[in-house]
Amino acid sequence: MVSSMAEGLIYDIKLSSVGPGTVTEPDMVHEPSDMDLAMKLHYLKVIYYFGKQAFEGLTTLKIKEPLFMVLNYFPVICGRFRRAESGRPYIKCNDCGVRFIEAKCEKTMDEWLEMTKENASLEKYLTPNQIIGPELGFSPTVLLQFTKFKCGGMSMGLSWAHVLGDAFSAAEFLNLLGKVVAGEKPNRPINLAHLKTNSTNPESPLTNTEDPLSVKRVGPVGDIWIPVNNCKMEAFSFSVNATQLSHLQSKISNNGTDFSPFEALSAVIWQCIGKIRPESEPKVVTICKMMEQNRADGNNLLISVVKAAYPIVEANPSELAALMKNAAIDKIEKIENAIEKDNGVSDFIVYGGNLTFANLEEAKFYEIDYRGEKPIYVSYRVDGVGDEGAVLVLPGPPKNGGRTVMAILPENEATELKSELKKWFMD
Amino acid sequence: MPQILPNFLSSVKLKYVKLGYQYLVNHILTFFLIPIMVGILVEILRLGPEEMLNIWRSLHFDLVQVLCSSFLIIFIATVYFMSKPRSIYLVEYACYKPPITCRVPFSTFMEHSRLILKENPKSVDFQMRILERSGLGEETCLPPAIHYIPPTPTMEAARGEAEQVIFSAIGSLMEKTKIKPKDIDILIVNCSLFSPTPSLSAMVVNKYKLRSNIKSYNLSGMGCSAGLISIDLARDLLQVHPNSYALVVSTEIITPNYYQGSERAMLLPNCLFRMGGAAILLSNKRRDRRRAKYRLVHVVRTHKGADDKAYKCVYEQEDPQGKVGINLSKDLMVIAGEALKSNITTIGPLVLPASEQLLFLFTLIGRKIFNPKWKPYIPDFKQAFEHFCIHAGGRAVIDELQKNLQLSAEHVEASRMTLHRFGNTSSSSLWYELGYIEAKGRMKKGDRIWQIAFGSGFKCNSAVWKCNRTVRTPTDGPWQDCIDRYPVHIPEIVKL
């Protein structure tokens, strides 16, 4: 039903590529870290909705020009994957570029935002959905779709392979684009890639440790980088404004311990999901947070696992929130060991291995401005989530000050969860 | 050891003998005249002034005879100067530099090819092999319409490309020469594969508001050698019209000619042809003698179209699916070699020094009379020219000419580096090559340049220029930001 409805919605689709304006030195490569490779089956999808003024009067070439300039600083995202002799993937920085898609929508932006409130799945038509594979060497890792609405507004849909970096990296890329459009020069060194090192075997002998709970090994997917789901996953989102949020926080807070918006929301949703999954209660959840300081290139995730000793349905959300607050962060070496066991060839998922809660409150999505215009709304989701599902807590539009929650769950759970959540936010 | 020594000695001896021979033959007039002048001078000194006056009086000249003789001399001199062809000067030229938004790296080209030719993996592999060996670099440019998957070659896009390339080159030229549009008397535009109505020359007249009595011409369909044909036409027109400026614009518009099918012989141009254009200002005005960069010495055109194989070797046609493309036959290099031989045979006597011509004559007579097995003597054109601009049609063309004319790597450097940086820009590639030589600071006053171009038909055209004043390294132009990186080593096969 949705697909036939959407076929006419988005039309006049044109594909091209945009690469760096200057030549990258030959034989430059980027070798993803173990953490990066753990995330390779996931894709970040961000949609920035801009009003009419941001892109008024701009031809396609004028939109592409700053991209050519900003990509000079990102030779890695313009490259393509190859496999080393050991089978470990690496990126050859060959200037191939990002895919650039132009499209038109027959609705106005307001109509569209109304439609997606009911049905967030529609947003997949505003982001490119190409995955990496089956030919690694010819699959773009970053794709951009510019969709023009009937009213003149424009949406900028980014598909960013998680192996390149986390939400902060993706936001940094787009924010830099906004800066280049404004005529500023990015404050970033050009060459973050390096010449290919000969593959060295790791010095420390790997002990045969168990995989950590946070990272789930999945069956080999070969060169088609998307996890195989047993059920269709659906995304839905809801907004919580500032008053509702503080109301919720006060409801949950216990003996003077205050919980952050993320902890409060996650605890509530954890319990609701527990209620709708009586046979397979999510006793174990993964919590994901991005590092803000001292970031290296690529994924800088702080992952922890929380185990509930008792049934979720009976638990008090405050207790769940306390568990989350005190969760110990997994040592990165544990995760790295799991991946290094066979030199990065195996396939893993993080989102959806267990029910995953991602704290993206501090992500700088609303910092971008394109020709002086801020986005009206930013929508963010992750594709390639495993069967257990994922809940992402995102910053709300700056005017509201609240939060946006995007839940990616098996499709039959969406309606039930919505009714459960209504109970929390009605009063 | 002893075997090597005689070889060395003999080769050294041979070198000096050759040098001596060349010096003698090339300056033979001087060698004859000097003894005669010395003899006369000695005789005069011996006779003394009174004896000279006596000899003069004994000739019995009277006024009428003197006047008639002087009038005769003046008359002959006038006829000589009037019938001498006007000198044609190249005041300045400008080449188009494509913007970075048009850049096409190898990897992008191949990825797009794979997506467009999904059903023909063999054709995709063929294109990859061509690209690896093509000699092109990662900075060549294609027009915006060709960047789409699949390409969108509309007429509007083609006009857009033409406007962008031509107006940019002309604008740059006008800025350099400070010439006003109203001063242009002759306009020649050549673009082989895009010929709209109104013509591209009309487009230029419209944009720059040129005079209504301008002599404008538009040459289309004449292939990659059309640039020199335009120069030849401009030269002839400048003989007829005194005191004029001629603006010549050479370009090739890629947008409408991108082959969309999968026949291998027709995919080759897609891999090689790239965006480019040049605008050249020629003049026959006396005052440009000082400021002009070059003087046109010869233009030699050779047309092999009478031969059927030569005529069909670069042929535009429809493939079995009805898609139009340019078919390059397998005999292309052989035919090019023959066309070159014809052209050299005509241009040789015009430019080669007497020593080379004599040697060639002797070996020719020798082969006919004494022994047909003698190797034909290939004249050494390096003695006739300091710089060579070989049309960057493809790596094979440059290799072939380097071999046939026995040129060193430095002589063909301009051609190879132009092919690497800009690809095959068709008729304008000669001007990019000239720009390279100037940007490297190698152009000195008195240097002679040979421009050779090949094109469909099959034609081989040459132009010979002489540098009028030492050219200072330009601060603008298409090579300005990358000349320091050149020359680069171009591997036989690039690893994609």
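Assorted remarks:
- When A:L136, A:L122 are checked against the criterion of being closer than 16 Å to A:F236 by Cβ and modelled with pLDDT under 95, a single residue qualifies: A:L122.
- All conditions but one from (1) over 15 Å from the mean Cα position of the chain (by Cα); (2) surrounded by fewer than 22 Cβ atoms within 10 Å (Cβ to Cβ) apply to B:R421; the one that does not is (2).
- Meets criteria (surrounded by fewer than 18 Cβ atoms within 10 Å (Cβ to Cβ) and either within 12 Å of chain B (Cβ to nearest Cβ) or at pLDDT 90 or above (or both)) for A:K14: yes
- Selection count, region A:152-172, where residues are assigned to a strand (DSSP E or B) and among the aliphatic types (A, V, I, L, M): 4
- Residue within region B:69-89 that is within 26 Å of the chain's Cα centre (by Cα) and under 30 Å from A:K62 (Cβ atoms) present: no
- B:V189 open to solvent by less than 50 Å² (accessible area, probe 1.4 Å), in a strand (DSSP E or B) and either within 12 Å of chain A (Cβ to nearest Cβ) or touching a residue at least 12 places away in the same chain (Cβ under 8 Å) (or both): yes
- Count - residues of region B:471-496 that are open to solvent by 50 Å² or more (accessible area, probe 1.4 Å) and outside any loop (DSSP other than H, G, I, E, B): 2
- Subset tally (residues that are without any contact (Cβ under 8 Å) to a residue 24 or more places away in the chain and within 27 Å of the chain's Cα centre (by Cα)) for region A:7-30: 1
- Test: residue in region A:263-284 that is modelled with pLDDT under 85 and among the aromatic types (F, W, Y): no
- Given (1) open to solvent by less than 10 Å² (accessible area, probe 1.4 Å); (2) among the acidic types (D, E); (3) within 14 Å of another protein chain (Cβ to nearest Cβ), index of the condition A:D27 fails: (1)
- Consider region A:94-115 and keep the residues that are open to solvent by 10 Å² or more (accessible area, probe 1.4 Å), more than 16 Å from A:M156 (Cα to Cα) and not charged (D, E, K, R). The one that is farthest from the other protein chains (Cβ to nearest Cβ) is A:M115.
- Taking region A:32-82 as the range and being closer than 20 Å to A:V221 by Cα, outside any strand (DSSP E or B) and of a type outside the set (A, V, I, L, M, F, W, C) as the test, the residues that pass are A:P32, A:S33, A:D34, A:D36, A:K40, A:H42.
- Condition check for B:C467: within 14 Å of chain A (Cβ to nearest Cβ), open to solvent by less than 10 Å² (accessible area, probe 1.4 Å) and in contact (Cβ under 8 Å) with a residue 40 or more places away in the chain: no
- Residue check for B:L364: open to solvent by 10 Å² or more (accessible area, probe 1.4 Å) and not in a loop (DSSP other than H, G, I, E, B): yes
- Those strands (runs of 3 or more DSSP E) lying entirely in region A:294-362 with at least 2 residues surrounded by fewer than 19 Cβ atoms within 10 Å (Cβ to Cβ): A:301-307
- Among the residues here, A:G57 qualifies as among the small types (G, A, S) and more than 14 Å from chain B (Cβ to nearest Cβ).
- Residue pairs meeting the criteria (Cβ under 7 Å; at least 6 apart or on separate chains; first under 14 Å from A:E56 (Cβ atoms), in region A:131-159; second open to solvent by 10 Å² or more (accessible area, probe 1.4 Å) and polar (S, T, N, Q)): A:F149/A:T108; A:C151/A:T108
- Top-ranked residue in region A:83-93 [being open to solvent by less than 30 Å² (accessible area, probe 1.4 Å) and outside any loop (DSSP other than H, G, I, E, B); ranked as nearest to A:T22 (Cα to Cα)]: A:I91
- Looking across B:E111, B:E92, B:E138, B:E119, one residue alone is out of contact with any Cys (no Cβ under 7 Å at 6 or more places or on another chain), within 13 Å of chain A (Cβ to nearest Cβ) and among the acidic types (D, E). It is B:E138.
The values are calculated or read from the model by the stated rules, or taken from the named source; none is laboratory data. It should be emphasised that the depicted structure is a prediction, and the values quoted were computed from it without experimental measurement. Quick reminder, even Gly has a Cβ in these numbers, built from the backbone with ideal geometry, and neighbours come from all protein chains shown. The area values use the complete protein model at the heavy-atom level, side chains included, leaving out ligands, DNA and RNA. Shrake-Rupley method; radii C 1.70, N 1.55, O 1.52, S 1.80 Å.
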